[in-house]
Amino acid sequence: MTYDIAHLPGDGIGVEVTDATLPLVDRVADDHGFSVETTRYEWGSERYLEHGSMMPEGALERLAEHDAILLGAVGHPDIPDHVTLRGMMLPIRKTFDQFICERPSVLFEGVESPLRGYEGGDIDFVVYRENTEGEYSDVGGREHRGHEHELAVQSAVFTRHGTERIVRAAFEAATDRSGKLTNVTKSNAQAHGMVLWDDIVEEVAEEYPEVEVERLLVDAASMDLIRRPDEFDVLVASNLFGDILTDIGAIVSGSMGLAPSANVTHDERYPSMYEPVHGSAPDITGQGIANPLATILSASMMLDDLGEPGAADALRDAVTDQLADPDAPRTPDLGGESGTGDVVDDLRERL
Ligand code: GGG
């Protein structure tokens, strides 16, 4: 079996971390009796600076032909973030209907949380972030630019279809895990879309009587992810809230450099996309010190979804093993002095 992967390194350290990851994917593929073919697409901010667009015409059609996409990062200091995001990452998520953004936060053995009293294994939750609508909807506009009466309208869109499917996916995950789900909204202030969301959670909950549902406003959830992260298991949240909560999840679990994510579609015509939660990190780009583990863990999620759980576990186990070893190389975000290459060489040994 050969899987056909689109490699989108993107910007900044996205190039370094995906280049570091793919040889390990090849290695576990070899060990588990399948192969991976990758096509590299040099799309992103450098292309934008040269040609005025992040991706060429027909880019999405080309990507659609692959079994999965491994993305690095998007963002460039000389280009506004809304241009880079709307030029590449969002069209992929939306066109391919990648409605589930699954983002696990795990405090691995051997990793220090900035929170007092937490040890490896104490934090282990996953956020199900709605990934195609909500506050990321491209609905709105700006008028009277530069005038005193300038205005901008930004609409958040919540559909019954879009909300129900992410909520159902989260209930399924809670059923497979500990049976606890936290629904995060802000329905006291957002009395239309988010009340619809809460209503749908109530409806779907009736189909899952074994799942215990906790309801939190996003401000309380942000506080509690710091105050009592060990008590969470599955969280479900809108596009924007999910993005924010998963940065908190990443940092209480030790580093942004350890946070993976999967943008999952259920439409068989399209590939899912896997990427680290972190961005392009221009402050450390080119120094060879980017932590590749978030991307390697994302690749493990990709292999799992492709139906190769043995190879997925091998990658993840190697990361777990490395993090638990006090003598193993670590990048500076984890308090070490090693480089990306050292981490990868050590993982290769462990595999
Ligand atoms: N590796 C993903 C990346 O580049 N993230 C930067 C970012 O701004 N992401 C926004 C989002 O996930 O909604």
>> Among the listed residues THR320, THR246, identify the single one that is of a type in the set (Ser, Thr, Tyr), more than 16 Å from the ligand (Cβ to nearest atom) and part of a helix (DSSP H, G or I).
In response: THR320
> If you scan the range 10-27, which residues turn out to be open to solvent by 10 Å² or more (accessible area, probe 1.4 Å), more than 12 Å from the ligand (Cβ to nearest atom) and farther than 14 Å from GLY288 by Cα?
Replying inline: LEU22, PRO23, ASP26, ARG27
>> Pull out all pairs, ordered by first then second residue, where Cβ-Cβ is under 7 Å, the residues are six or more apart or on different chains, the first lies in the range 72-98 and is on the phi > 0 side of the Ramachandran plot, and the second is more than 10 Å from the ligand (Cβ to nearest atom).
In response: ASP97/THR132; ASP97/THR265; ASP97/ASP267; ASP97/TYR270
> Conditions: (1) buried (at least 24 other Cβ atoms within 10 Å of the Cβ); (2) in a helix (DSSP H, G or I). ALA290 meets all but one. Number of the miss?
Replying inline: (2)
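Among GLU275, GLU231, GLU268, which is of a type in the set (Asp, Glu) and not assigned by TED's automatic domain parsing to the domain that holds ASP321?
From the options GLU275, GLU231, GLU268, the qualifying one is GLU231.
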> For the range 275-284, what are the residues that are more than 10 Å from the ligand (Cβ to nearest atom) and surrounded by 24 or more Cβ atoms within 10 Å (Cβ to Cβ)?
Replying inline: none
> In the range 39-55, how many residues are among the polar types (S, T, N, Q) and crowded, with 17+ Cβ neighbours inside 10 Å?
Replying inline: 1
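Of all residues in the range 47-90, count the ones that are assigned to a loop (DSSP other than H, G, I, E, B), under 21 Å from MET302 (Cβ atoms) and more than 11 Å from the ligand (Cβ to nearest atom).
Looking only at that region, the number is 4.
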> Before we move on, is LEU107 open to solvent by less than 20 Å² (accessible area, probe 1.4 Å) and more than 22 Å from ASN239 (Cβ to Cβ)?
Replying inline: yes
> Looking at (1) within 22 Å of the chain's Cα centre (by Cα); (2) surrounded by 20 or more Cβ atoms within 10 Å (Cβ to Cβ), can you tell me which one SER113 breaks?
Replying inline: (2)
>> Could you go through the range 213-234 and let me know if any residue there is within 16 Å of the ligand (Cβ to nearest atom) and either within 26 Å of THR265 (Cβ to Cβ) or among the β-branched types (Val, Ile, Thr) (or both).
In response: yes
>> If I ask for residues that are surrounded by 24 or more Cβ atoms within 10 Å (Cβ to Cβ), part of a loop (DSSP other than H, G, I, E, B) and more than 11 Å from the ligand (Cβ to nearest atom), which ones from the range 256-274 would you list?
In response: PRO271
>> Please go through (1) open to solvent by less than 40 Å² (accessible area, probe 1.4 Å); (2) closer than 29 Å to ASP19 by Cα; (3) outside the structural domain of TRP197 (by TED's automatic domain parsing); (4) in contact with a helix residue (DSSP H, G or I) (Cβ under 9 Å, 6 or more places away or on another chain) for TYR128 and return the number of the only condition it doesn't satisfy.
In response: (3)
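The values are calculated or read from the model by the stated rules, or taken from the named source; none is laboratory data. Just so you know, these numbers come straight off a predicted model, no measurement behind them. Positions of Cβ are generated from backbone atoms using ideal geometry, with glycine treated the same way; all protein chains shown enter the neighbour counts. The area values use the complete protein model at the heavy-atom level, side chains included, leaving out ligands, DNA and RNA. Shrake-Rupley method; radii C 1.70, N 1.55, O 1.52, S 1.80 Å.
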